[in-house]
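Since the structure comes first, as structure tokens, the remarks are kept for the end.
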Amino acid sequence: MGNYDTIVIGGGPGGYVAAIKAAQLGQKTAVVEREHMGGVCLNWGCIPTKSLIRNAEVAHLLTEGKTFGFSFDNLQLDYSVAHKRSRQVSGRLVKGIGFLMKKNKIDVIDGAGVLVSATEVEVNGEVHSAKNIILATGARARLFPGIEINGKTLLTARQALELTEAPKSIAVIGAGAIGMEFAYVFSNYGADVTVIEMLPTVLPLEDEEIGKEMERQFKRAGIKTHVGTRVEKVEDHGDSVTLTVSKDGKTDQITAQMALVSIGVAPNSSGIGLEAAGVEVDERGFIKIDDQMRTNVPNIFAIGDVTGKLALAHVASAQGIIAAEAIAGQETRPLKYQNMPRCTYTHPEVCSVGLTEAQAREQGYAVKVGKFAFQANGKALGMAENAGFVKIVAEDKYNEVLGVHMIGAHVTEMVAGPTGMIGLETTLEELAGTVHPHPTMSEAIMEAAHAALGHAIHM
């Protein structure tokens, strides 16, 4: 048994960050983790997928050698090497989390944590007490009713990351960030890829123009997309699957070696003792929180995917810091979830912050829009990466920037600046007047701001 100021249940990017911050603020802290420190993100999500995506980028570049003056007589791609490297990258970072726990004198308790009361957590039969508890139990892949994931023909992202050989063909159900990223990876290793999305565009949470441009880029890459299409039935044949899909009243069938289910997440909120502690959840099972991440039980906090706010690792980390600060009695700043940056690591990449054009109009803004294509950007042309554009959405009265949306090479590295500026309620004039280095891809942001003001410089 241990007595702590703060116990964190879950060691993912929300949980371990919350624990570090709590320890830094003088709290005697423990983290309870049932599997691997780093959670899904470091072990079976963000990090290993980005490693695979880098391998896919190299594979793509090698197939485009003509542009750069080189060629291969017998190019061979070994997906097992890409998989091995992804596990090595993941393992290295997980070890780093262990070092951070020791550095900050945080106890790591292996096992599944269950609330016994509002101040007690049971792990492996032992009960640990804490003045405060932070729930960071994350989420899991949401599944179709009746579908049984087997790791062979029917997969979630977790099983897809365990593959040591790329499939010959795969149907990806759901065109959100996870589904699109796996589609990109497997396509570059020779798979015949089909993406099925129920909503009108791929990446349906992004600005509509971004989604349509991504569809065009995927088509150029040989990846088939079916939007506005519903999966009605999934048949598992043991060595292949057949999907019955419908669109506009017509049905069709898609057969592939495997199907990847990527239709969102469900919270890991059951079986962790919420009832015993009196913690409330919403109708979907996500834990209810306030701006300080506090639940209805004053000394219990919740962060990350289990809250249902925005299932992104960096959001979980930000929530974790706020929860730790609130426990320590420090002043906190509420998160504006619509102003959290969102990234998809396909080729081209997609990123956004703030409101889409449709959202801004729905909220009653008179909107002005500025766009700048990477076709007119010197750095993009020099890299032979001229697909995509930057789109800025602003309100018309004061020219306040409401949203920045980008599709292009390396744009995920460019979104932090606009995120900070939107948080400061920057205007188009301020963004256009911010001198951007030349030649860089980031100049397109400045150019889009000029365009929204009606005086585009380089187009």
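All of the numbers you see were taken from the coordinates with simple rules; none came from a lab. Keep in mind the model is a prediction, meaning the values are calculated, not measured. Cβ sites come from the backbone with ideal geometry, for glycine too, and all protein chains shown count toward neighbours.
Ranked highest first by average number of other Cβ atoms within 10 Å, how do 356-369, 239-252 line up? Provide the component values of the computation, followed by the final result.
Numbers: 356-369: 15.6, 239-252: 13.4.
So the order, starting with the most tightly packed, is 356-369, 239-252.
Over the Cα atoms of the chain, how large are the radius of gyration and the largest Cα-Cα distance (Dmax), in Å?
When restricted to Cα atoms, the chain yields Rg and Dmax of 23.3, 68 Å.
Using alpha carbons only, how many angstrom separate the centre of the range 73-87 from the centre of the range 164-197?
About 16 Å separates the Cα centre of the range 73-87 from the one of the range 164-197.
Provide the descending list of Cα extents for the range 348-452 along its principal axes, expressed in whole angstroms.
40, 25, 21
Just for the range 154-263, what percent of DSSP beta bridges are antiparallel, to the closest 5? Before the final figure, lay out the partial values.
Details: 13 of 27 bridges.
Around 50 percent of the beta bridges assigned by DSSP in the range 154-263 are antiparallel ones.
How much length is gained on full extension from Tyr337 to His458, taking 0.36 nm per residue of separation minus their Cα-Cα distance? If you can, show how the numbers build up before the last one.
Details: separation 121, 0.36 × 121 = 43.56 nm, distance 3.35 nm.
Taking 0.36 nm per residue and subtracting the Cα distance, the gain is 40.2 nm.
Nearest 5 percent is fine: what portion of the DSSP beta bridges confined to the chain is antiparallel?
Details: 49 of 80 bridges.
Approximately 60 percent, going by the DSSP bridge assignments.
Can you tell me the order of 431-441, 47-57 when each peptide is scored by its average per-residue count of other Cβ atoms within 10 angstrom, highest first?
Numbers: 431-441: 15.5, 47-57: 20.6.
Per-residue Cβ counts within 10 Å, averaged per peptide and sorted highest first, yield 47-57, 431-441.
Can you work out D for the range 218-360 in µm² s⁻¹ from Stokes-Einstein, where Rh is the Kirkwood radius over C-alpha pairs, the temperature is 4 °C and the viscosity is 1.567 mPa s? Let's see the in-between values first.
On the way: Rh = 18.9 Å.
Answer, rounded: 69 µm²/s.
Report, in deg cm²/dmol and to the nearest 500, the calculated mean residue ellipticity at 222 nm for the chain, where each DSSP H run with n ≥ 4 adds -39500 (n - 2.57) and the sum is divided by the residue count. The partial results should precede the final answer.
Numbers: 15 runs with 145 residues, N = 459.
Computed ellipticity for the chain at 222 nm equals -9000 deg cm²/dmol.
Regarding the range 161-229, what's the average projected area of the Cα-atom convex hull, expressed in nm²?
4.2
Which order do the peptides 377-389, 8-20 come out in when sorted by mean C-beta neighbours inside 10 angstrom, highest first? Numbers along the way, then the final one.
Working: 377-389: 18.4, 8-20: 30.8.
Final packing ranking: 8-20, 377-389.
Pop a pseudo-label 7 angstrom from the Cα along the beta-carbon direction at both Val81 and Ala221 and give the gap in nm to one decimal.
Going by the 7 Å Cα→Cβ label model, 2.1 nm.
Determine the dipole magnitude for the chain: charges of +1 sit on the beta-carbon of Lys and Arg, -1 on that of Asp and Glu, nothing else is charged, the reference point is the Cα centre, and the result goes in debye to the nearest 20.
740
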